[in-house]
1. On a 0 to 90° scale, report how tilted helix 19-29 is relative to the longest principal axis of the chain, with both axes built from alpha carbons and the result rounded to the nearest 10.
2. Return the carbon/sulfur percentage of the accessible area of the chain, one whole number, probe 1.4 Å, all protein chains in place.
3. Please work out the average accessible area per residue across the chain, using the 1.4 Å probe convention, and give it in Å².
4. What are the ³J(HN,Hα) couplings of segment 5-14, residue after residue, when phi is run through the Karplus curve with 6.51, -1.76, 1.60 and θ = phi - 60°? Round to Hz, x for glycine and proline.
5. Here are several values of Kirkwood radius over Cα pairs in Å: [x] 19.1; [y] 18.7; [z] 12.4. Which one was derived from the coordinates shown?
6. Grab the other residues whose beta carbon is less than 13 angstrom from that of Ser34, score K and R as +1, D and E as -1, and report the net.
7. Less than 14 Å Cβ to Cβ from Ile24, Lys/Arg counted +1 and Asp/Glu -1: what total charge do the surrounding residues give?
8. In whole Hz and in residue order, list the ³J(HN,Hα) couplings for segment 37-46 that follow from phi through the Karplus curve 6.51 cos²θ - 1.76 cosθ + 1.60, θ = phi - 60°; x for Gly and Pro.
Amino acid sequence: MSTSSEARVRLPKAVALHARPAGIVVQQAARFSSAVQLAANGRCANAKSILELLALGAEGGTELVITASGDDAAAAVDELATILPQLV
C-alpha cells in the first residue's frame, strides 16, 4: 500500500545545506524505498541526490518541506524531520 507523508522543518540558523549535511540527508533518505523530496526556495529536489540537494541553495534558517510517497513514506519523513533541524 503506497502512502504519502509531509513535514515542514527549519534548518538551524548556522547550517546551510552544503556538501556534508546534504550527504547525511542522502544517506538517510537512501535507507527508504519511498520517493523522498525536499523543497525550499521554490525548488524541489530528490533527497537521494546530493547534486539536487545542493542546487536548492538552502541557507541556515530556511524552511524545508519534506515529502515522501511509498510504502515507508511516513518513516522516511519522520527520520528526515528529526535529523534536519539537528544538522551541524
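The values are calculated or read from the model by the stated rules, or taken from the named source; none is laboratory data. The shown structure was predicted, so the numbers you read here are calculated from the model rather than taken from an experiment. Methodologically, a virtual Cβ is constructed for each residue, glycine included, from the backbone with ideal geometry; neighbour enumeration extends over all protein chains shown. The protein model used for the area step is the full one, side chains on, heavy atoms only, and it has no ligands, DNA or RNA in it. Shrake-Rupley method; radii C 1.70, N 1.55, O 1.52, S 1.80 Å.
1. In the chain, helix 19-29 runs at an angle near 10 degrees to the longest axis.
2. Details: 2390 of 4580 Å².
The C+S portion of the solvent-accessible surface of the chain is 52 percent.
3. On the way: 4580 Å² over 88 residues.
On a per-residue basis, the chain sits at 52 Å².
4. 8, 8, 8, 10, 9, 10, 5, x, 4, 8
5. [z]
6. -3
7. Working: positive: Arg20, Arg31, Lys48; negative: Glu79.
Taking every Cβ under 14 Å from that of Ile24, the sum is +2.
8. 10, 10, 10, 6, 6, x, 10, 10, 9, 5
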